[in-house]
Structures are given as C-alpha cells and as structure tokens.
1. Which pairs have Cβ atoms under 6 Å, sit 6 or more apart or on different chains, and link a residue in region A:1-19 that is within 14 Å of another protein chain (Cβ to nearest Cβ) and in a loop (DSSP other than H, G, I, E, B) to one that is of a type in the set (Ser, Thr, Tyr) and near DNA strand C (Cβ under 8 Å from one of its atoms)?
2. Looking at region A:171-188 only, could you name the residues that are in contact with a Ser or Thr (Cβ under 9 Å, 6 or more places away or on another chain) and in a loop (DSSP other than H, G, I, E, B)?
3. Quick one: is residue A:14 within 16 Å of DNA strand D (Cβ to nearest atom) and among the charged types (D, E, K, R)?
4. Can you list the helices (runs of 4 or more DSSP H) lying wholly within region B:48-140 that have 2 or more residues being over 28 Å from residue A:136 (Cα atoms) and touching a residue at least 24 places away in the same chain (Cβ under 8 Å)?
5. Within region B:269-276, identify whether any single residue is farther than 27 Å from residue B:161 by Cα and polar (S, T, N, Q), and answer yes or no.
6. Considering A:198, A:161, A:206, which residue is surrounded by fewer than 17 Cβ atoms within 10 Å (Cβ to Cβ), under 23 Å from the mean Cα position of the chain (by Cα) and free of Cβ contacts under 8 Å to residues at least 60 places away in the same chain?
7. If you check residue A:27 against the conditions, is it farther than 26 Å from residue B:140 by Cβ, over 41 Å from the mean Cα position of the chain (by Cα), near DNA strand D (Cβ under 8 Å from one of its atoms) and more than 14 Å from chain B (Cβ to nearest Cβ)?
8. Just checking, how many residues over region B:100-139 are at pLDDT 90 or above, in contact with a Pro (Cβ under 9 Å, 6 or more places away or on another chain) and either more than 26 Å from residue A:89 (Cα to Cα) or within 12 Å of chain A (Cβ to nearest Cβ) (or both)?
There are 2 protein chains.
Amino acid sequence: MKRITIYDVAKEADVSLATVSRVINGSEVVREDTRVKVQEAIEKLGYKPNAIAQGLALQKTTTIALIVPEASFFYTGQIINGLIDVAKIYKYNIVLHTATEGIIEMNDIIETIIKSRVDGVVIFNDKLSKNELNTLTRYQVPIVVIGNKMSDDTIGSVYVDYSKLVYDFTTKYLNKGITDIALVEDRKNPAMIKQLFDGISRAFADAGKSFDNYIEIPKDYRSSYLFLQEYFKSHKHELVITYRDSQAMAVLNTAAENNIRIPEDMEVVCILDSKYNAMARPQISGFKIPDYDLGAVAMRVMTKMLHDEDEVIDKEIELSYIYSPRKSTK
Amino acid sequence: MKRITIYDVAKEADVSLATVSRVINGSEVVREDTRVKVQEAIEKLGYKPNAIAQGLALQKTTTIALIVPEASFFYTGQIINGLIDVAKIYKYNIVLHTATEGIIEMNDIIETIIKSRVDGVVIFNDKLSKNELNTLTRYQVPIVVIGNKMSDDTIGSVYVDYSKLVYDFTTKYLNKGITDIALVEDRKNPAMIKQLFDGISRAFADAGKSFDNYIEIPKDYRSSYLFLQEYFKSHKHELVITYRDSQAMAVLNTAAENNIRIPEDMEVVCILDSKYNAMARPQISGFKIPDYDLGAVAMRVMTKMLHDEDEVIDKEIELSYIYSPRKSTK
DNA sequence: GTGAAAGCGCTAACAT
DNA sequence: ATGTTAGCGCTTTCAC
C-alpha cells in the first residue's frame with residue numbers, strides 16, 4: 001500500500017500541490033469551491049500530511065523533548081500529565097527521555113535530542129545546575145527547567161521554593177517554642193536536601209539558634225526502616241520533617257514499634273504529599289505540591305518562548321503549595 | 001548560527017556528500033584515510049546528522065509511539081522505564097501519548113501518530129479490544145499491546161493472565177475450606193474486573209460452588225473508604241481480594257475501625273502489589289507484577305517485528321507474577 | 001572507492 | 001486565486 005502524498009491529492013482534485021498545501025494549512029487565499037474540491041480529495045484518499053516532510057521544509061518539528069529522572073514516575077506522573085495536556089492544545093508531540101545518574105548518559109540523550117531537531121526541551125531535574133545545560137544551550141534549543149529557579153535568553157523555569165516552605169513551617173514551630181526539630185532524608189537528591197536544609201537552618205538562625213538534627217537515612221525503604229527502628233530506640237524529637245511519603249511512613253512505623261505516640265510524643269510532617277499520606281494511620285500531614293501545574297506551566301512557558309518571540313515573558317515562575325494538616329501533627 | 005549540514009562537512013573534508021553519508025552510516029566501502037578525513041571534519045564542525053531529513057529519505061523515523069491511559073503513572077511508570085530502556089538499546093525514540101476515556105480522543109491520537117510516521121506503536125491499555133485497533137491497523141503500523149492477549153499479522157502482545165492468577169489463588173483457599181471470599185473493585189477498569197471475576201468464578205464453579213461476593217466500591221479513595229466503613233459494620237469475609245493497593249488499604253483501615261482483626265478475622269490480599277503494601281500495617285500480601293518487564297518485552301517484540309521481518313516470532317507473550325505473602329494473610 | 005543526481009513529501013517565494 | 005520551482009538535509013542508485 002503506497003503511502004499517498006500531496007501529489008496524489010493534487011492530481012485527484014486536479015489542482016497543483018501548492019493549492020493542496022494551502023488548504024492543509026488553512027491559507028485564506030483559496031477560493032471556496034476549490035477548497036471543497038481539495039477537501040473531498042483528501043477525504044476520499046484518506047490523505048494524512050507527512051509531518052516529517054513538513055518538519056524538513058519548515059525547519060521545525062512541533063515536538064519537544066522531555067527529560068525526567070528514571071524511575072521517578074511516582075512523583076513525575078502528574079507533571080507529565082500536565083505537560084502533555086497543554087502540549088496537546090498546542091499540537092506538540094512529546095518525546096520522552098529518562099536520565100539515570102551520570103553525565104555520560106546525559107550526553108547521549110542530548111546527542112539524540114539534537115539529532116532529532118526538537119523545537120525545545122523540558123527538563124525535570126531538581127539536581128541540575130545551569131552549568132550542566134551548556135551542552136544544550138550551545139545548540140540554541142529553548143529550554144524549560146522544572147524544579148530549579150533559573151533563566152536566561154533561551155532558558156525558562158518553573159519551580160516550587162522548598163527552602164521557603166521549610167523556612168516558614170519551621171519558624172511556625174520555633175515560635176511555638178518547639179525547637180527539637182529533625183530533618184530525615186536520604187542522599188538520593190542532594191539539591192533537594194540542600195534546599196530543605198537551607199530553609200530549616202535559616203529559620204533556626206533567625207531565631208538565634210542553630211540547627212543540627214539532620215538525620216541521614218539509607219536510600220531504600222527497607223534499610224531506612226531498619227535504621228530508624230534502631231534510631232528511635234534512643235531518640236525522639238518534637239517534630240520530624242521528611243521529604244517523601246515512604247520516609248514519613250518509615251518514621252511512623254518505627255516510632256510505633258518504639259512506643260512513641262504520634263502526634264502526642266512526636267509530630268511528623270511530609271513535604272511531598274501523596275494520596276498514601278491520607279491512607280496511613282495516623283494520617284500524615286503534608287504539603288500539596290502542584291505537580292500537574294508544574295508540567296502544564298512548563299509547557300506553557302515553552303510555547304511562549306517558541307511563539308511570542310518578541311513579547312517579553314516571565315521566564316521564572318514560582319508555584320505555590322498548600323499545607324494539608326492531618327493527624328500526624330497537633 | 002546556521003545549522004551545519006552534510007554539505008558543509010563534505011566541503012570541509014573535500015569529498016562529496018555521498019561519501020560523508022557513507023561514513024556516517026558506517027559503510028564498509030570507504031577507504032580508511034578518507035574516512036578519517038571525514039571524521040575529522042565532522043568533529044571539527046560539530047556536525048550532527050538531521051534525523052528528520054534521514055527520516056524523509058529512509059522512510060522511517062526510528063521512533064515509536066507509546067500510548068498509556070492518562071493519570072496511570074503509578075502503575076505505568078515501570079512499564080515506561082522498561083520500554084525506554086530497551087528502546088535506547090535499539091536507538092528508538094519514544095513519543096508519549098496519554099489517552100483519556102472516549103473514542104474521540106483516541107482518534108485524535110491516532111491521527112497525530114499517523115502523521116508523525118512512527119515506525120510502530122505500543123499501546124498499554126487493558127481495556128482495549130482488538131476491534132478498536134482497526135483504525136491503526138489500516139495504516140499498516142506494527143502494534144504491540146501491553147495488557148491484553150491478542151495477535152495478528154501486525155499485532156503482538158505482552159500480558160499477565162490475571163484470570164489465571166485469581167483462579168489459582170482462589171482455588172488454593174477453596175481447597176482449605178475457605179469459601180467466604182469477596183472481590184472488592186471499583187468500576188474504573190471493566191476489562192480488568194472481567195478477568196478477575198472470571199478467574200474467581202471459574203474457581204468456584206470448579207469447586208461446585210458459585211461466586212456471588214462481588215463488592216463494587218466507588219472510584220476514589222475517599223468515597224470507597226466511607227462505603228467500606230459502612231459495609232464492614234455488618235459484613236465480614238474470610239478473604240477479601242482487591243485489585244489496587246489503595247483499595248486494600250481502605251479495607252485495612254475500615255476493618256480496623258470496625259474491630260475486624262486482620263488476618264485473624266479476615267484475610268486481605270492485593271493483586272497489584274506496590275511498595276506501599278509493605279509499608280501498611282499490617283503489611284499487605286500481594287502479587288508482584290513484572291511491570292518493567294512488560295514494557296521491556298513489549299519493546300523487544302516491537303523491534304523484532306520491525307527488523308526480523310522474515311523470521312517467525314512469538315507475538316503473544318505471557319509474563320508471570322510472584323506471590324508475596326505478608327501479614328494480611330495467614 | 002568516490003561522485004553526480006534523483007528522490008523522499010512538503011512549504012514558500014515568485015510568477016502568472 | 002492558482003501554478004511553478006527551488007529548496008529543506010539526507011540516502012542511494014548508477015556511473016566512472
């Protein structure tokens with residue numbers, strides 16, 4: 001079955017291919033009856049414009065590349081949904097790349113991205129530094145970063161200020177006289193840890209105190225569970241802050257085993273809220289991060305960078321969060 | 001900055017573009033010294049072949065489309081990871097499409113897929129019937145379906161037989177004399193419900209009994225929680241089977257509130273295991289579904305359909321599961 | 001072993 | 001309002 005082309009349509013409708021092209025692209029200058037004639041031919045033949053050929057001719061692909069950390073779909077899912085939903089509106093395709101650790105692989109991804117001539121790339125990576133983007137910026141590809149504040153001629157970003165979040169939350173507790181606050185985190189995400197640590201430290205500093213309860217736990221649930229099981233035999237804090245739901249649950253479970261009542265003896269809060277926080281017992285308080293919006297807004301910024309070239313647009317967009325107090329805090 | 005093309009390289013290396021093309025594509029017929037000469041030119045200019053132009057010339061894009069149900073990333077994440085990992089190996093790009101309910105949107109997606117001239121499409125959709133694929137098959141695009149057993153000239157599939165899973169599990173309990181078995185499910189996924197229902201019904205039938213404890217619950221956690229809270233005031237079963245972790249947790253939580261001890265008074269098992277099952281208290285027994293493999297194998301089948309055109313390949317691949325007994329069952 | 005030229009399907013001046 | 005034609009960047013016969 002030969003793929004039917006614009007020539008076939010032209011012949012069928014007895015016009016030139018230029019006219020067919022005009023019809024496809026909704027040019028105004030085509031007379032109504034010939035437009036109908038062409039439309040019928042298109043319909044009859046079941047013609048679908050070849051996006052690849054269009055891409056070659058127009059020097060743009062209407063596809064953007066999305067890079068997400070591998071195996072991060074638990075918290076990336078909504079971001080992708082948001083991204084794709086607005087991509088659909090603007091008729092963009094999304095090619096998905098997953099990046100593991102390691103700069104070598106990142107270079108591979110960038111290589112294929114460059115070759116595929118995407119119109120832009122969105123990177124979700126809270127670990128990424130602006131410097132690491134140089135490989136990409138060299139090729140003049142518009143970039144939107146999700147998770148890190150930065151901007152530039154060809155770079156935009158959408159993010160949540162976790163440092164501020166933690167600062168405000170910590171300050172609230174310090175003001176209540178609660179000072180035995182601990183931060184539980186693994187080393188999976190250094191940049192995130194830094195933000196959290198900065199926020200809590202600043203809060204302590206502003207209160208004339210210093211923060212020193214950073215508890216580093218293993219990366220996987222099982223090990224961190226065992227670690228905390230031991231830890232809470234001899235420790236207890238007024239407030240424990242964790243980043244992910246699994247960490248909060250590990251705290252919950254191990255505290256219970258050590259007869260630490262939550263929230264009476266110890267309060268627990270989870271930064272990155274999830275539906276599982278509401279299923280745990282006691283239900284875990286957390287901050288609702290607007291993941292869907294992070295993706296949607298990122299794509300929106302992308303389209304602006306791509307279309308409204310003249311207009312000055314805001315390239316650093318901070319999104320807000322909502323605190324959901326539940327049963328693990330007083 | 002002008003994008004540098006194969007012509008630029010040809011000029012720089014003082015050869016024809018045909019030769020450059022040969023070097024790029026690793027043709028054997030190029031003399032060693034000219035190959036080196038060309039390579040140096042490529043290096044010097046930082047030339048990256050334009051995949052779009054290659055696509056046009058070769059009539060193939062080395063990209064495959066992946067369609068997943070929207071907002072399903074919790075159980076789709078690993079599938080995508082597996083898919084992408086083997087796609088990388090074979091140098092394929094993945095363009096991601098999310099499908100909501102509704103045939104209209106599906107047609108939109110298929111439309112853009114056809115236009116983008118992908119080499120194949122992988123569909124993760126346990127609701128999909130072979131009939132609905134016709135729109136796609138008409139265009140001769142190789143298809144691999146994840147989650148449903150089916151095959152055809154241009155269709156392959158990778159799946160887990162949930163019906164069998166439930167049949168075996170139920171039979172085991174029936175053999176122990178446990179007959180008060182209930183299936184808790186919402187109506188999110190009719191095809192899946194059918195599989196589960198079929199399996200359990202067959203088991204009962206083979207034991208000379210009939211199954212009638214299908215408990216339909218609301219789709220979201222909150223409502224189903226309230227529903228079950230009421231339900232367990234007046235009901236209790238020897239074994240409750242749920243599909244998703246959130247459903248199992250709802251059962252756990254509401255049972256606890258009604259003083260039903262698990263597993264002493266009632267056992268609970270979750271078909272689709274997740275890490276959260278191990279964090280619940282009591283820990284929930286479940287079946288480990290090989291999601292990563294589903295994706296990886298699907299992509300492998302795809303590449304086979306694309307490359308080894310002559311060779312006969314197995315187009316219906318059933319993957320197995322592993323039972324993880326934990327604390328919610330005896 | 002290497003070059004010349006046609007063609008992949010489409011868009012966008014430029015003509016008419 | 002519509003047709004002609006020159007690219008877009010690359011692959012691949014066919015000559016040499």
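1. Cβ pairs passing all conditions: A:4/A:47.
2. A:186, the sole residue that qualifies.
3. Working: within 16 Å of DNA strand D (Cβ to nearest atom): yes; among the charged types (D, E, K, R): yes.
The answer is yes for residue A:14.
4. Details: elements: B:51-58, B:73-89, B:103-115, B:134-137.
Fully inside region B:48-140 and qualifying: B:73-89, B:103-115, B:134-137.
5. No, the conditions are met nowhere in region B:269-276.
6. Only one candidate passes the filter, namely A:198.
7. Working: farther than 26 Å from residue B:140 by Cβ: yes; over 41 Å from the mean Cα position of the chain (by Cα): no; near DNA strand D (Cβ under 8 Å from one of its atoms): yes; more than 14 Å from chain B (Cβ to nearest Cβ): yes.
No; evaluated as a whole, the condition is false for this residue.
8. Residues meeting the conditions: 2.
The values are calculated or read from the model by the stated rules, or taken from the named source; none is laboratory data. Please read these numbers as outputs of a predicted model, since none were measured by experiment. Neighbour counts run over all protein chains shown; Cβ positions are idealised from the backbone, glycine included.
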